[in-house]
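The values are calculated or read from the model by the stated rules, or taken from the named source; none is laboratory data. The structure displayed is predicted, hence computed values, not measured ones. Positions of Cβ are backbone-derived with ideal geometry, glycine not excepted, and every protein chain shown enters the neighbour counts. With ligands, DNA and RNA removed, areas are computed over all heavy atoms of the protein, side chains included. Shrake-Rupley method; radii C 1.70, N 1.55, O 1.52, S 1.80 Å.
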Amino acid sequence: MPGLNASLFLGLSGLQAQQSALNVVGHNIANVNTPGYSRQRADLTANQALIQGQVYFGTGVTLNAVQGLRDRFLDLQIYRETSRQEGASERYTGIEAVSTSLGDTTSSGIAAQIQAFFQGFQELSARPEDSALRTNLIGKANTMISGMQARYRMLNDQRDNANQAVTSLVTEVNTLTKQIADLNREITGELVPGSNNDARDQRKSLTDKLSTLVGISVFEGSHGEYQITLDSGLAVLVSGQTSFDLKATPDATLDNNYYRVDSLMGTTTVNVTADIRDGQLGGKLDLRDRILVDFQQQLDTLAAGLASQVNLQHRAGFDLNGVAGQDFFLSGVANGANGIPALMTAANAYKGMVNALTVNAAVAGNPKLIAAGGIAAAGDNANAKRLANLQLDGGVNAAGVVLGASYSSVVGTLINDVGTTAQTWEAQTTAQENLVSALQAQRDRLSGVDLDEEAANMMILQRGYQASARFLSVINQLTDQLVNEFGK
Amino acid sequence: MSVRTLATTQQRQTLLALQRTKERMAANQTRISTGNRITRPSDDPTAAALILDFGNSIHANEQYLKQADSALSFLKPTEDVVTAAIDQTIRLQELAQRGLSPTAGATGRAAMVAEVDSIRTSLLSLANTQSQGKYMFGGTATLGPQPFSGPAAGPITYNGDDNTISLDVTSTSSVNINIPGQLVFFGSIGGQGSNTDLFQAVTDLRDGLAADNTATIQAAYDHLKLALSNLNQHQADLGGRQAGLLNLKDMVSGFNVTLQDLQNTQQDTDYPQAIADYNTDQIIQQATLNTMARSNQTNLFDYLG
């Protein structure tokens, strides 16, 4: 039979255990709103029994461990899907910012301005002698050009915005990976594997944040350390206790001297600009280097086709002085035989065409030089009509740039393209949002703090503490009985 | 089965749903206030391209209507000039007939010379008429020189060219808006001095009257008849072209109404639908806010003493 002292210690272990467990409850409640926090549970175990003869006497309770409740595979899945959600939403936001103006179907849209320009030729065909109509046509050409340039500039502004975000995102990524590597060190150094719950939660919260910034794949090593690579797998960001920085450097080979992103892994430097798929950084780089560029190329090609065919037809006509027509449009340097500068070709998607496009200053300064006549006669309008009819088929003169479709359907394709791309990323964003939200709900179900549950636990532990104290007081009375009353 | 259901999870999911409801409400509000079903291309990319296409056709047709009006603005004055020339020619015929009458006598014939002269001058100015800054009968030499010129008594020469000017009035058809002067006043290209040359007939009539030569007057009378029938023919032709243009305008305007309808079905907000959707969302929003506010009110801690 255990002695009274043993019973005192048994009661004490009860008191201590309930109090420690209450402490865990308090920690849970305190962290109810902490991002990434996983609820903890006190792991109470009965002490080794005292054997006397054939009887096993209990010796109380010990708090064995404080266990964090988490599903690490679920965490890894959440990181990946969060990256994808951020990437999709970033792209969608970027496209939506330009889509309304680019896809303007009203009279202020590109399509309407191009049509107005060609209708200017049609109007001129009714009165080729009329200098007011000629001046008016130059005005319409300028409106059309500035309309296209405004759209082009808007796309450039969006690309610039994306580019400006690159440096700050890279800095943030580097700070986070460094912190995660530090936490990896703490976790691998823990005395009992799995005991450093709060470092794990902190790391989870940081990795959650990292996954919104850049597309990542996370693996957990055998010692609980995170290995983090880019989603394309091309570069390592965190390996155990070491983090590898990303670096943004202006690169002259990119448009507008945009930033190149390098991964600095020891002595090797890898250019990962095109290999970050998701997260805000991946989304921004994709917008900057692919999605918006594609729209710009469509505008450049449209401008090249238009300028080339108009110039060739304009050369075939005669101006009001009876002289053969010059080029109607110029693009910075002299036009070649195909009506546009030789350095702008299909191979480089006529890059820079929209920005360089102007009405030939000689023609703009003297609208008499507009070649409306098919012959050298003031009243002849044959060339004006041919110029106006270019809008029907986009021009089929094989010596120039042939778009293969009317200008309005080229613009229609662009609008459709913008709309479809935005729609795709919008759907993707919603789907990812739903997925991440479902995964988070699943994570909450296991790891989240439920205040009702904590309140119930608190009551139970309080009662346990009270009972243990009561037990101690009974043992105390017994001891008192034994020491002070016995043998009186 | 019981699943741990956390207030935070609940709040997060409700918040997501609430944001989506608000987003839908904002989109519907834009649809209602602008009247456009498509507020951005991603709402319906195919319809956005279609709307552009319809809009393009509508504008093209509007431009063709304007071209038809321009054509009419040239054809109408041309017809007026030809009609005036016909009136003058008829008067000349009357004078020739009087000149041929034996009762006229040499003095009577000489008295008619002045009127013939003045009609000749007026015919010449008709042939040199300008409309909207253009010589109407100079072919494509619309800015000069004057199409017809010559001495007061001698033959009149043509200085314009024989080109026609046409305007496109649909994508496939065009209409000539001028008649080269030689055809109207000489009867044919290079018809100067021929039997159908109106000015030659007038000059002959004048000379016949002045010289009291009935044979010359008779010849001039016959030539005036030919010139008159030529003018009548052109008048009918000009009238025909104008009638054709008016028909075409009716057709194109009718076609545009159809196109506009088609564009509207793609573009316009379906108001009953949009308003119904908006109201539903409003109810959802109110109910959500209400339950959100309530769900956080009760907790076991409320009952712990």
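Does residue B:28 qualify as being open to solvent by less than 30 Å² (accessible area, probe 1.4 Å), assigned to a helix (DSSP H, G or I) and not assigned by TED's automatic domain parsing to the domain that holds residue B:220? Taking the combined requirement at face value, the residue satisfies it.
Output yes when any residue across segment B:126-145 is under 30 Å from residue B:243 (Cβ atoms) and part of a helix (DSSP H, G or I), and no when none is. Among the residues of segment B:126-145, at least one is under 30 Å from residue B:243 (Cβ atoms) and part of a helix (DSSP H, G or I), which makes the answer yes. Out of everything in segment B:160-175 that is among the small types (Gly, Ala, Ser) and either surrounded by fewer than 21 Cβ atoms within 10 Å (Cβ to Cβ) or in a strand (DSSP E or B) (or both), what residue ends up being nearest to the other protein chains (Cβ to nearest Cβ)? Filtering segment B:160-175 for residues that are among the small types (Gly, Ala, Ser) and either surrounded by fewer than 21 Cβ atoms within 10 Å (Cβ to Cβ) or in a strand (DSSP E or B) (or both), the one nearest to the other protein chains (Cβ to nearest Cβ) comes out as B:171. Being open to solvent by less than 60 Å² (accessible area, probe 1.4 Å) and touching a residue at least 40 places away in the same chain (Cβ under 8 Å) holds for only one residue in A:52, A:77, A:67, A:40, and it is A:40.
The set of residues in segment A:256-277 that are open to solvent by less than 40 Å² (accessible area, probe 1.4 Å), touching an Asp or Glu at 6+ places or on another chain (Cβ under 8 Å) and touching a residue at least 60 places away in the same chain (Cβ under 8 Å) comprises A:258, A:276.
Condition check ((1) crowded, with 20+ Cβ neighbours inside 10 Å; (2) modelled with pLDDT of 95 or more; (3) touching a helix residue (DSSP H, G or I) at 6+ places or on another chain (Cβ under 7 Å); (4) in a helix (DSSP H, G or I)) across all residues:
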| residue | (1), (2), (3), (4) |
| --- | --- |
| A:400 | yes, no, yes, no |
| A:442 | no, no, yes, yes |
| A:465 | no, yes, yes, yes |
| A:478 | no, no, yes, yes |
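The single condition from (1) out of contact with any strand residue (DSSP E or B) (no Cβ under 8 Å at 6 or more places or on another chain); (2) within 14 Å of another protein chain (Cβ to nearest Cβ); (3) surrounded by fewer than 19 Cβ atoms within 10 Å (Cβ to Cβ) that residue B:111 fails is (2).
Condition check for residue B:276 on (1) surrounded by fewer than 13 Cβ atoms within 10 Å (Cβ to Cβ); (2) under 16 Å from residue B:170 (Cα atoms): one failure, at (2). Out of B:9, B:78, one residue alone is over 30 Å from residue B:264 (Cβ atoms) and under 35 Å from the mean Cα position of the chain (by Cα). It is B:78. Taking the condition open to solvent by less than 30 Å² (accessible area, probe 1.4 Å), more than 14 Å from chain B (Cβ to nearest Cβ) and out of contact with any Cys (no Cβ under 9 Å at 6 or more places or on another chain), does residue A:109 pass? When the stated conditions are applied, residue A:109 does not pass them.
For segment A:407-429, name all the residues that are free of Cβ contacts under 8 Å to residues at least 24 places away in the same chain and within 8 Å of chain B (Cβ to nearest Cβ). Let's see the steps before the verdict.
Keep residues of segment A:407-429 that are free of Cβ contacts under 8 Å to residues at least 24 places away in the same chain, which gives A:409, A:416, A:420, A:423-424, A:427.
Passing the criteria: A:409, A:416, A:420, A:423.
Of the strands (runs of 3 or more DSSP E) entirely within segment A:23-73, those holding at least 1 residues that are among the aromatic types (Phe, Trp, Tyr) and over 17 Å from residue A:451 (Cα atoms) occupy A:55-57.
What are the residue pairs meeting all of these: first residue in segment B:248-259, first residue surrounded by 12 or more Cβ atoms within 10 Å (Cβ to Cβ), second residue of a type in the set (Phe, Trp, Tyr), Cβ atoms under 7 Å, and 6 or more apart or on different chains? Cβ pairs passing all conditions: B:252/B:64; B:259/B:54.
The residues listed here are B:92, B:65, B:18; of these, the one that is in a helix (DSSP H, G or I) and either within 9 Å of another protein chain (Cβ to nearest Cβ) or within 30 Å of residue B:201 (Cβ to Cβ) (or both) is B:92. Each residue in segment B:215-233 was checked for being in contact (Cβ under 8 Å) with a residue 40 or more places away in the chain, crowded, with 18+ Cβ neighbours inside 10 Å and not hydrophobic (A, V, I, L, M, F, W, C), and 2 of them qualify.
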